[in-house]
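Colleague: My questions will all concern the structure given below.
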Amino acid sequence: MPELPEVETIVRGLRTVLPGRTIVSVRLGKTDFIEDPPALAEELPGRRIEKIERMGKFISLELSAGPEAKNPERQFDLIVHLGMTGWLGVRRPDDPVAPHTHAFFELENGHELRYTDIRRFGQIRLVPAEGKSAFSERLGREPLEISAAEFGKRLAGRRARIKALLLDQRVFRGIGNIYADESLWQARIHPARLAARLNRAELARLRTAIRRVLQHAIQDRGSSISNFVDAEGQPGEYQQRHRAYGRESKPCFRCGTKIKREIIAGRSSFFCPRCQPRPRSTSARTRRRPTS
């Protein structure tokens, strides 16, 4: 599934070709992942793409209305989530159409913004400009911008496993399974640890690890595990730097212990059993407590 670095990579690619372009027509295939297909087809033609930004795993295209737009007094953002297998990019009209391409947004220069999604777990929706802030506020904090104090505040006292909280988009926006495992390996924290039991030093280490991992992944244009490619169709390279994710039974880069895989927080989780010691259970601590 595209996570923060992959989405950021696509956004940066789109910024080189889309701002200033006007949508002249919309053609849709399968629409079960689109919130309101008729509104998309009616409202988008005549609207100019002003700005492209990332909100966690969402891509937001800020639109302005030209004189030929329907309801020009209304302003919208086109919000796209890539789901597990989605891709968004610009192609020439004579370029081959990839299988499972479900949305074509024709631009005034003749090119097309295309959305392709094999499994159709993504989302496309129009959000009124006045509702964009409310939409964004439902998401968690941006992990590349959050302060140390706010990071600790969001995790302190939480009786949930740290892996589950890192994946919860209401806590931090954009982190998924790959970068949660990589960050926890960097910070030497077991994914099953309870957030409430992490001390201040561990929280600081984790925040630093998350920022470092995400920044490096963005520099390498994301991880291409299965089918991810950027807006130009090129694969990312960060998978070559993975230290935990997908490395079951391979030696840990720090200590040589074999990486383990377990289901934690409902997801396959990869960790080093030596560098990331498993939390002791309450029952085990109780048995070791000296009697009075």
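The values are calculated or read from the model by the stated rules, or taken from the named source; none is laboratory data. Computed from a predicted model, the values in this text were never measured in an experiment. Methodologically, a virtual Cβ is constructed for each residue, glycine included, from the backbone with ideal geometry; neighbour enumeration extends over all protein chains shown.
Colleague: Please give the number of the condition Val90 fails out of (1) at pLDDT 95 or above; (2) of a type outside the set (Lys, Arg); (3) over 18 Å from Pro37 (Cα atoms); (4) surrounded by fewer than 20 Cβ atoms within 10 Å (Cβ to Cβ).
Modeller: (4)
Colleague: Every residue in segment 95-119 that is in contact (Cβ under 8 Å) with a residue 40 or more places away in the chain and of a type in the set (A, V, I, L, M, F, W, C), please.
Modeller: Passing the criteria: Ala103, Phe104, Phe105, Leu107, Leu113, Ile118.
Colleague: Select from segment 188-231 the residues that are out of contact with any strand residue (DSSP E or B) (no Cβ under 9 Å at 6 or more places or on another chain), of a type outside the set (A, V, I, L, M, F, W, C) and not in a helix (DSSP H, G or I) and list them in ascending order.
Modeller: Residues satisfying the conditions are Arg188, Asn199, Asp220, Arg221, Gly222, Ser223, Ser224, Ser226.
Colleague: So which of Gly20, Gly13, Gly46, Gly66 ends up being among the small types (Gly, Ala, Ser) and closer than 29 Å to Asp168 by Cα?
Modeller: After applying the criteria, what remains is Gly13.
Colleague: Output the number of the condition that Lys258 fails; it satisfies all remaining conditions of (1) farther than 30 Å from Arg119 by Cβ; (2) of a type in the set (Lys, Arg); (3) within 18 Å of the chain's Cα centre (by Cα).
Modeller: (3)
Residues are listed down the side, and each one gets a yes or a no for (1) over 26 Å from Ala217 (Cα atoms); (2) touching a strand residue (DSSP E or B) at 6+ places or on another chain (Cβ under 6 Å); (3) in contact (Cβ under 8 Å) with a residue 24 or more places away in the chain:
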{"position": "Thr9", "(1), (2), (3)": "no, no, yes"}
{"position": "Leu14", "(1), (2), (3)": "no, yes, yes"}
{"position": "Gly20", "(1), (2), (3)": "yes, no, yes"}
{"position": "Ile23", "(1), (2), (3)": "yes, yes, yes"}
{"position": "Leu28", "(1), (2), (3)": "yes, yes, yes"}
{"position": "Ile52", "(1), (2), (3)": "no, yes, yes"}
{"position": "Phe58", "(1), (2), (3)": "no, yes, yes"}
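Colleague: Let me ask something additional. Exactly one of (1) surrounded by fewer than 16 Cβ atoms within 10 Å (Cβ to Cβ); (2) aliphatic (A, V, I, L, M); (3) over 22 Å from Gln215 (Cα atoms) is unmet by Ala149. Its number?
Modeller: (3)
Colleague: Could you identify the single residue in Gln239, Gln234 that is within 23 Å of the chain's Cα centre (by Cα) and outside any loop (DSSP other than H, G, I, E, B)?
Modeller: Gln239
Colleague: So in segment 194-229, with the set limited to residues that are buried (at least 20 other Cβ atoms within 10 Å of the Cβ) and among the charged types (D, E, K, R), which one is farthest from the chain's Cα centre (by Cα)?
Modeller: Among them, the one singled out is Arg207.
Colleague: Oh, and also: Look at segment 212-229 and say how many of its residues are of a type in the set (Lys, Arg) and either within 15 Å of Leu144 (Cβ to Cβ) or in contact with a Leu (Cβ under 7 Å, 6 or more places away or on another chain) (or both).
Modeller: Residues that pass the stated criteria total 1.
Colleague: Which residues, taken from segment 3-47, are farther than 18 Å from Ser224 by Cβ and touching a helix residue (DSSP H, G or I) at 6+ places or on another chain (Cβ under 7 Å)?
Modeller: The answer is Val26, Leu28, Thr31, Ile34.
Conditions tested, residue by residue: (1) closer than 28 Å to Ala39 by Cβ; (2) out of contact with any helix residue (DSSP H, G or I) (no Cβ under 7 Å at 6 or more places or on another chain); (3) touching a residue at least 60 places away in the same chain (Cβ under 8 Å); (4) assigned by TED's automatic domain parsing to the domain that holds Thr101.
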position	(1), (2), (3), (4)
Phe121	yes, yes, yes, yes
Pro143	no, no, yes, no
Arg159	no, no, no, no
Asp168	no, yes, no, no
Ala187	no, no, no, no
Ala201	no, yes, no, no
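Colleague: Ok, one more. Only residues in segment 238-264 that are free of Cβ contacts under 8 Å to residues at least 40 places away in the same chain and not assigned by TED's automatic domain parsing to the domain that holds Leu184 count as the first member; pair them with residues that are surrounded by fewer than 20 Cβ atoms within 10 Å (Cβ to Cβ) and not in a loop (DSSP other than H, G, I, E, B), Cβ under 7 angstrom, at least 6 apart or cross-chain, and list the lot.
Modeller: Close Cβ pairs satisfying both conditions: none exist.
Colleague: So which residues in segment 109-122 are touching a strand residue (DSSP E or B) at 6+ places or on another chain (Cβ under 8 Å) and surrounded by fewer than 17 Cβ atoms within 10 Å (Cβ to Cβ)?
Modeller: Phe121
Colleague: Quick one: Val127 ticks every box in (1) more than 30 Å from Glu43 (Cα to Cα); (2) touching a Phe, Trp or Tyr at 6+ places or on another chain (Cβ under 7 Å) bar one, so which box is it?
Modeller: Evaluating Val127 over (1) more than 30 Å from Glu43 (Cα to Cα); (2) touching a Phe, Trp or Tyr at 6+ places or on another chain (Cβ under 7 Å) leaves (1) as the failure.
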